[in-house]
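Working notes for the structure below.
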Amino acid sequence: MDERVEKLLEFDKVKQMACKYAVSDLAKKLLLDLKPVSDEQMAKKMQRETTEGKILLKVGLNLPIDELPDIRKSVKRASLGGILLPGELLSIAKIMRASRLIKKAWSDKGLTDCKVVESIIERLHTFTSLEDRIFKIILSEEEIADDASPELLKLRKEKKILFQRAREKLEYYISSPNYQKLLQEPIITMRNGRYVIPVKQEYKSSIPGIIHDQSASGLTVYIEPMPVLQINNEIRRLEMEEDKEIERILRDLTDKVAQNGELLEETFEAIVRLDFILAKAKFSDEIKGVEPQFNTRGFINIKKGRHPLLKGEVVPIDIYLGDQFTVLIITGPNTGGKTVSLKTVGLFALMAQSGLHLPCDEGTEMSIFTNIFADIGDEQSIEQSLSTFSAHMKNIKEIVDKADSKSLVLLDELGAGTDPTEGAALAMSILDYFHKIGARVIATTHYSELKAFAYSRDGMENASVEFDLETLSPTYRLSIGIPGKSNAFEIAKRLGLKREIIEAGRNFLKVEDIRMEDMLQEIEWERKRIRQEREELEKLKESFFNKIAELEKEREKLKANQERIMEKAREKARQIVEKARREAEEVFEKLKELEAQDAKQIRDRIAEEVRKTLKKAIEDYEVKEAPLIKTSMRKTTSGPLRPGDKVMVESLNQEGYIVSMDEKGKTAQVQIGLMRINLPVSSLLKIEEDKPEKIESSYSHLSMKKAQEVSREIDVRGLTLEEALLKVEKYLDDASLAGLSNAVIIHGKGTGVLRKGIQDMLRTRKDIKSFRPGELNEGGIGVTVVEFR
């Protein structure tokens, strides 16, 4: 792909955005070097690794390291026999630790659906022994642990003892009254790695020793006293031996690194690749990206696409190309979003074929293009003496020479910068050429001729960006299938330009142009109304589902309460039974006593007591029906059912009215609120309604009353299809109930939308015997005559 095209479509800025999520400089370089591939399988693999990266992030698997140093040069130097510095060895140990932690986390998560990442994990190696040894020996880039080796520990202990002896000797000089007047300051310091004391210049001969330095002013000399000289010499000897031991230790560690050189390089490259994948995944999370589907037939279908570089509240676009048409011409006012739509499609193609997710909805589909061409913006060149038009033509000439059926071509303001008539003609010929070779083309323009050109050609389609004349601002919505208008006169009018100038300007337009603009404006208003109605319907739908959810919660709550009540009732019943059993046993015991006595008087008295006890128990333990939820409190009655009867639908626990019944009387059409359903007669219970005096409620009286009120015709002209259907449905119900034999629906001729919608509805009604267009004397096709059964 041409780097100039990537820059025009701002792909470089997208890659820079993704770079901020990478840990290593090498992963950042991989992101900046991303190039779109033209192989479908490779593009799918690159997309899949980004998806798998998001899976890793979702389960909490991330790089366990804040920085990822490049160890390749150090490993190579170790292999060539060099000795690595402590800082280099620490960097290598950090890579070892990161590899070990990543493998452990991967194993703990047990992921099985990340095959691409799994292949990378298999290239990670662990170096536990060497890793532990490096971290134990090297404390920092400048410090080796004392216990790095027994010899080093011994040397440092000896050196510490000598340091202590040297300080004790020097402490004598700075604390003795005999020497204090000779010193510039009573302190111990170091010069050239040896302990010294600061002596005044005039007393330098009073303290035997070696002068190692003097102050800038020359007033102070730094002397190493003779008693300390021998100790310092011994310390210096130990330091040289210490350096040799440290070098030996570093050499030993370096040899171990060299032995694992190839495995370390493979491990490092795998971690960098994982860093690269996770950076793409984090970028996808930021832009709310999804993995697109791919095809090779040149089809693009972007759902709710958002330009990734736009900030704030971004208006998404739906755009498709390559199925029913291969050339899309976008028209509309300036700053309306034409160029942004153009760039979004091109940028999405580059991102998709480079393995980056797209900021859009699921189901978005992109084609694999071998080339993506773009001519966008004003590329006027003073140095090359090229005008705007010439610069555009130079680019388009190169595109024409290279484009083929697997190319995506993006042209901004095609034909602009020259005579409008010639520019429009040239633009049409360019688009026609691209259409013939099968390239996928999106072009923006202001030329009205191109709108008509696209309308008249198969394989070409118009699109437009909306403009709100109330606020004089674009809405950035893209509509395919409708050409846009520049709204020059409307904008001028809203801004206060004199009416006579605007009207004079309109007179200069051709009649065809005026008709076209008026038609487009009418379509625009209709589209705005439909969108508002759709938004209102969505709100109603949301409210409806919320109500359903609330009712469901209430039902669950009632069910739980009912269960609690039943449980309490069962417990109470158990207690009653238990008490009754105990008291019954007492009664039997008394009866046994009664059998043992002969006196009739005693027997009668005890029998009476038993009767009283049992009676009281019956009164106490009589189970009363719990006032649980009842389905209906209305009285029902038996008898045949007829149209007009009020019934209870047992299965739905709802009341309704019978509208009609089939010939055999087995099913009935029941009106429940606004809903009509066919139900078996066996599932209906006739409700006996209270009949106040002098109130007629029979079906025949209702039919007579309706017959007097219902007209034989209804006029729905001027209504929307939805409004007309509701009104006609209610009218037909009333007319059927009134017993009318026929009726006339006046819907007008117009576009035929009302006529078709009403007649489609009539076909679904069982109470309609037939319908037909009106005769000439009845209104012709502007009316529909209905005959009831």
Exercise. Scan region 266-281 residue by residue and report those that are of a type outside the set (Val, Ile, Thr) and buried (at least 19 other Cβ atoms within 10 Å of the Cβ).
Key: Phe268, Ala270, Arg273, Leu274, Asp275, Phe276, Leu278, Ala279, Lys280, Ala281
Practice problem: For residues that are surrounded by 18 or more Cβ atoms within 10 Å (Cβ to Cβ) and not β-branched (Val, Ile, Thr), tally how many sit in region 192-205. | Solution: 3
Self-check item: Elements of type strands (runs of 3 or more DSSP E) contained in region 140-220, each with 1 or more residues being among the acidic types (Asp, Glu)
Solution: 209-214
Quiz prompt | Extreme residue, surrounded by the fewest Cβ atoms within 10 Å (Cβ to Cβ), among residues of region 335-368 that are among the hydrophobic types (A, V, I, L, M, F, W, C) and part of a loop (DSSP other than H, G, I, E, B) | solution = Ile368
Practice problem: Within region 488-501, identify whether any single residue is modelled with pLDDT of 85 or more, surrounded by 14 or more Cβ atoms within 10 Å (Cβ to Cβ) and not basic (Lys, Arg), and answer yes or no. | Solution: no
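Residues checked against (1) at pLDDT below 85; (2) out of contact with any Lys or Arg (no Cβ under 6 Å at 6 or more places or on another chain); (3) surrounded by fewer than 16 Cβ atoms within 10 Å (Cβ to Cβ); (4) of a type in the set (Val, Ile, Thr):
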{"position": "Glu142", "(1), (2), (3), (4)": "no, yes, yes, no"}
{"position": "Leu152", "(1), (2), (3), (4)": "no, yes, no, no"}
{"position": "Leu155", "(1), (2), (3), (4)": "no, yes, no, no"}
{"position": "Gln164", "(1), (2), (3), (4)": "no, yes, yes, no"}
{"position": "Lys181", "(1), (2), (3), (4)": "yes, yes, yes, no"}
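Is it true that Ser99 is open to solvent by 30 Å² or more (accessible area, probe 1.4 Å) and among the small types (Gly, Ala, Ser)? Don't jump to the end; show me each part of the working.
Working: open to solvent by 30 Å² or more (accessible area, probe 1.4 Å): no; among the small types (Gly, Ala, Ser): yes.
Judged against the criteria, Ser99 is not a match.
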Self-check item: Number of the exception - Ile714 against (1) at pLDDT 85 or above; (2) out of contact with any strand residue (DSSP E or B) (no Cβ under 8 Å at 6 or more places or on another chain)
Solution: (2)
Practice problem: Please go through region 442-462 and pick out each residue that is open to solvent by 60 Å² or more (accessible area, probe 1.4 Å) and either modelled with pLDDT of 90 or more or under 39 Å from the mean Cα position of the chain (by Cα) (or both). | Solution: His446, Tyr455, Arg457, Asp458
Quiz item: Restricting attention to region 17-56, which residues are farther than 16 Å from Gly355 by Cβ and surrounded by fewer than 17 Cβ atoms within 10 Å (Cβ to Cβ)?
Solution: Lys20, Asp25
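Do we find that Ala416 is assigned to a loop (DSSP other than H, G, I, E, B) and open to solvent by less than 50 Å² (accessible area, probe 1.4 Å) in this structure?
Working: assigned to a loop (DSSP other than H, G, I, E, B): yes; open to solvent by less than 50 Å² (accessible area, probe 1.4 Å): yes.
Against the criterion (assigned to a loop (DSSP other than H, G, I, E, B) and open to solvent by less than 50 Å² (accessible area, probe 1.4 Å)), Ala416 qualifies.
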Practice problem: Quickly run through region 111-170 and pick out the residues that are in contact with a strand residue (DSSP E or B) (Cβ under 8 Å, 6 or more places away or on another chain) and among the basic types (Lys, Arg). | Solution: Arg167, Lys169
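Yes or no, residue by residue, for (1) among the basic types (Lys, Arg); (2) farther than 20 Å from Ala22 by Cβ; (3) open to solvent by 30 Å² or more (accessible area, probe 1.4 Å):
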residue	(1), (2), (3)
Arg248	yes, yes, yes
Leu253	no, yes, no
Asn260	no, yes, yes
Asp285	no, no, yes
Phe299	no, yes, no
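Restrict the check to region 209-228 and report whether at least one residue is of a type in the set (Val, Ile, Thr), over 60 Å from the mean Cα position of the chain (by Cα) and under 15 Å from Phe163 (Cα atoms).
First, pick out the residues of region 209-228 that are of a type in the set (Val, Ile, Thr): 210-211, 220-221, 223, 228.
Okay, now just the ones that are also over 60 Å from the mean Cα position of the chain (by Cα), so 210-211, 220-221, 223, 228.
Keeping just the survivors that are under 15 Å from Phe163 (Cα atoms) gives 228.
Yes, there is a match, as at least one residue in region 209-228 is of a type in the set (Val, Ile, Thr), over 60 Å from the mean Cα position of the chain (by Cα) and under 15 Å from Phe163 (Cα atoms).
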Quiz item: Which residue out of Val465, Val409 is of a type in the set (A, V, I, L, M), part of a strand (DSSP E or B) and at pLDDT below 90?
Solution: Val465
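Among the residues of region 37-44, are any closer than 21 Å to Lys288 by Cα and either aromatic (Phe, Trp, Tyr) or touching a residue at least 24 places away in the same chain (Cβ under 8 Å) (or both)? Can you show your working first?
To start, the set of residues in region 37-44 that are closer than 21 Å to Lys288 by Cα comprises 43-44.
Narrowing further to those that are either aromatic (Phe, Trp, Tyr) or touching a residue at least 24 places away in the same chain (Cβ under 8 Å) (or both): 43-44.
Yes, that holds for at least one residue.
Specify the residue that is modelled with the highest pLDDT; the eligible residues are those in region 650-669 that are surrounded by 12 or more Cβ atoms within 10 Å (Cβ to Cβ) and not in a strand (DSSP E or B). Full working, then the answer.
Let us first name the residues in region 650-669 that are surrounded by 12 or more Cβ atoms within 10 Å (Cβ to Cβ), namely 650, 652, 654-662, 667-669.
Next, only the ones that are not in a strand (DSSP E or B) stay: 650, 652, 662.
Working: Glu650: 74, Leu652: 68, Asp662: 77.
Filtering first and then ranking leaves Asp662.
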Exercise. Check region 103-120 and report whether any residue there is open to solvent by 60 Å² or more (accessible area, probe 1.4 Å), modelled with pLDDT under 95, of a type in the set (D, E, K, R) and closer than 16 Å to Leu263 by Cα.
Key: yes
Quiz item: Any idea which of (1) open to solvent by less than 50 Å² (accessible area, probe 1.4 Å); (2) at pLDDT below 65; (3) over 25 Å from Glu778 (Cα atoms) is the one Lys706 doesn't satisfy?
Solution: (3)
Quiz prompt | The lone exception for Val221 - which of (1) under 30 Å from Lys103 (Cα atoms); (2) open to solvent by less than 50 Å² (accessible area, probe 1.4 Å) it fails | solution = (1)
Exercise. Quick one: count up the residues across region 51-68 that are part of a loop (DSSP other than H, G, I, E, B) and β-branched (Val, Ile, Thr).
Key: 2
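Report yes if Ile300 is among the β-branched types (Val, Ile, Thr), touching a residue at least 40 places away in the same chain (Cβ under 8 Å) and within 30 Å of Ser407 (Cα to Cα), otherwise no. Reasoning before the result, please.
Values: among the β-branched types (Val, Ile, Thr): yes; touching a residue at least 40 places away in the same chain (Cβ under 8 Å): yes; within 30 Å of Ser407 (Cα to Cα): yes.
When the stated conditions are applied, Ile300 passes them.
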Quiz item: For Ala439, all conditions in the list (1) crowded, with 20+ Cβ neighbours inside 10 Å; (2) at pLDDT below 90 hold save one; what is the number of the exception?
Solution: (2)
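Are there strands (runs of 3 or more DSSP E) fully within region 723-789 with at least 2 residues that are open to solvent by less than 20 Å² (accessible area, probe 1.4 Å), under 25 Å from Gln669 (Cα atoms) and modelled with pLDDT of 85 or more? List them.
Numbers: elements: 742-746, 768-773, 783-788.
Of the strands (runs of 3 or more DSSP E) lying wholly inside region 723-789, those with at least 2 residues that are open to solvent by less than 20 Å² (accessible area, probe 1.4 Å), under 25 Å from Gln669 (Cα atoms) and modelled with pLDDT of 85 or more span 742-746, 783-788.
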Quiz item: What number of residues within region 264-323 satisfy the criterion of being in contact with a helix residue (DSSP H, G or I) (Cβ under 7 Å, 6 or more places away or on another chain) and within 20 Å of Glu40 (Cα to Cα)?
Solution: 8
Quiz item: In region 83-122, how many are assigned to a helix (DSSP H, G or I), closer than 18 Å to Ile55 by Cβ and of a type in the set (A, V, I, L, M, F, W, C)?
Solution: 7
Quiz item: Can you name the residue in region 122-132 that is touching a residue at least 60 places away in the same chain (Cβ under 8 Å) and crowded, with 18+ Cβ neighbours inside 10 Å and, of all such residues, is nearest to Ile277 (Cα to Cα)?
Solution: Leu124
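The values are calculated or read from the model by the stated rules, or taken from the named source; none is laboratory data. This is a predicted model, so every value here is computed, not measured. Virtual Cβ from ideal backbone geometry, glycine too; neighbours counted across all protein chains shown. Quick note on the areas: whole protein, heavy atoms, side chains included, nothing else; ligands and nucleic acids left out. Shrake-Rupley method; radii C 1.70, N 1.55, O 1.52, S 1.80 Å.
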